[in-house]
Amino acid sequence: MSDDSQVYISELSRHEGGHVTMRGWLHHRRSGGKLQFLVFRDGSGFMQAVVSKSDVSEEMWELTKSLTQESSIALRGEVRKDDRAPGGYELTVAEVQLYQLATDFPITPKDHGVNFLLDHRHLWLRSKRQHAILRIRNEVIRAARNFLDEQGFVGCDTPIFTPNACEGTTTLFETNYFDDKAFLSQSGQLYNEAIAMAMGKTYCFGPTFRAEKSKTRRHLIEFWMLEPEVAFHELDDTIALAEGLISAIIASVLERRRTELEVLERDVSKLESVRAPFHRMTYEQASAKLSEKNTEFVPGGDFGAADETALAEELDRPLIVTHYPANIKAFYMQPDPEREDLALCVDILAPEGYGEIVGGGQRIHDPELLERRLAEHDLPKDAFQWYLDLRQFGSVPHSGFGMGIERLVSWICKLDHLREAIPFPRMLNRLTP
Ligand code: 4AD
Ligand code: MG
């Protein structure tokens, strides 16, 4: 069978009536007298293949009956259209070849506890559900890059090792850097700002690290962030960009990942209503709303997970919140010229209780103000000298934001916890596998 080129499940519609070779893993086998029903997967999807005792040799029939969950196999047969079959096609098998018989695959169709599944994450990834989530994650990333590339953004990458704290010093991961110390990047933003002054419109996409001691379903220690940054953009421009980006991603997932959303039993009407313009309010309006709702919110402080949920839970599209108090936000936030105590910043909260998916805003472009803020935040001027330089040589207003990929994927897939939105989650108490 090895000289045939392999056909994937996702391509079957092009091979109706054809004789093909497929390779993959057995997901499930059911016996029906003189028939064996093999549900198998090849990475591109799941399908059913039927082996009939009368079509194959005695030896091959015995082999088929011995196949266990996750055994690796090649199947040769005819592609038949069958409207009752998931995916619409079935394979009538003429030949079965075994690569390896798997014994005692630990993840069986019965229910397993989440810790057991996380311990076996390297194998759990093979399940229908995890497969669907990861394909949606990939579509989110593809659609996001596509949206930005088409608008003339230049994707540039920012370093992981850095001497700078971007998002406060409490969540920094420190590591040795030969005889020096370095931090793992919390955000590519500061470097993005330098790149924006070279490229105009840029974005970075990469892993970011936060030593978050909070053990919530919305926090990972290592997560992936997409961060656009644009020279001459002000707060409203960056908000419009974020709205456009999120709407385009959702539209793309709805168009290209229907099957996966069905596997997850996602109510797609909740995604279909996501269109720009999103709902919008200021921090002060949001605070007033929270006092009505009697959450534990303390006015002047940052919103907690429960507050974010209370604000956006019932909405049909995300909620944009702007103008937070400057003193609860990062050092680089441009103050509102009419209210110096407020920052020209934006958080976007997802509906259905998923909380913040985007954080960003307009950056300080005035050198003296930036220097003052660094001092107020006790950040070392030396390490930030290069960043201050950007305000010396043709400084301009500029803005950008970061979008957490796992937060977005969790919401789109309606997951209970961010841990399923990334192949190998890094959490407070988990570094393996
Ligand atoms: O709001 P954050 O901290 O903003 C920044 O890092 C800015 N420097 C980004 C920028 O302006 N270029 O983080 C941005 C987003 C959040 O809205 C959230 O979606 C996600 O990153 N995020 C996390 N996702 C998973 N686990 C965590 N611990 C996260 N912390 C932030
Ligand atoms: Mg934030």
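The values are calculated or read from the model by the stated rules, or taken from the named source; none is laboratory data. Treat the numbers as computed from the prediction; the structure is a model and nothing was measured. In this analysis, Cβ positions are derived from the backbone assuming ideal geometry, glycine residues included, and neighbour counts consider all displayed protein chains. Please note that ligands, DNA and RNA were not included when accessible areas were found on the heavy atoms of the full protein model with its side chains. Shrake-Rupley method; radii C 1.70, N 1.55, O 1.52, S 1.80 Å.
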Answer with one residue from 259, 390, 185: the one whose Cα lies farthest towards the positive end of the charge dipole of the chain, charges on Cβ with Lys, Arg +1 and Asp, Glu -1. 259
Let me check I've understood the local charge: for residue 376, count other residues with C-beta under 14 angstrom from its C-beta, Lys and Arg +1, Asp and Glu -1. What total comes out? -1
Over the chain, average the accessible area per residue using a 1.4 Å probe and give it in Å², no decimals. 47
Quote the charge dipole size of the chain about the Cα centre in Debye, to the nearest 20; the model charges only the Cβ of Lys and Arg (+1) and of Asp and Glu (-1). 1500
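At a threshold of 8 angstrom on Cα-Cα distance, excluding pairs fewer than six apart, so keeping six or more, what relative contact order does the chain reach in percent?
Numbers: 831 pairs, mean separation 58.6, N = 433.
It comes to 14 percent, rounded to a whole number.
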Lys and Arg at +1, Asp and Glu at -1: add these up for the other residues within a Cβ distance under 14 Å of residue 13 and post the number. -2
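Roughly speaking, to the nearest percent, how much of region 9-100's 1.4 Å accessible area is carbon and sulfur?
The value for region 9-100 is 48 percent carbon and sulfur by accessible area.
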How far is helix 367-376 tilted off the main Cα axis of the chain, in degrees rounded to 10, range 0 to 90? 80
Per the rule of 0.36 nm per residue minus the C-alpha distance, extending residue 216 to residue 151 adds in nm 19.8 nm
Given contacts defined as C-alpha pairs under 8 Å and at least six residues apart, what's the relative contact order of region 9-100, whole-number percent? 32
Note down the Stokes-Einstein diffusion coefficient of region 9-100 in µm²/s, whole number, using a Kirkwood radius over alpha carbon pairs, 25 °C, and 0.890 mPa s. 191
Determine the distance separating the Cα centre of region 322-384 from the Cα centre of region 217-259; give it in Å without decimals. 19
Taking a threshold of 31 Å on the Cα-Cα distance, which of the pairs 128/215; 53/128; 293/381; 110/213 fall above it? 293/381; 110/213
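With a 1.4 Å probe and every protein chain kept in, tell me what percent of the accessible surface of region 121-421 is carbon plus sulfur.
Carbon-and-sulfur percentage of accessible area, whole number: 49.
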The chain - share of DSSP beta bridges that are antiparallel (%, nearest 5): 90
Which value, to two decimals, describes the C-alpha radius of gyration of the chain once divided by 2.2 N^0.38 Å? 1.17
Count charges around residue 202 for me, please; just the other residues with Cβ under 11 Å from its Cβ, Lys/Arg as +1, Asp/Glu as -1. -3
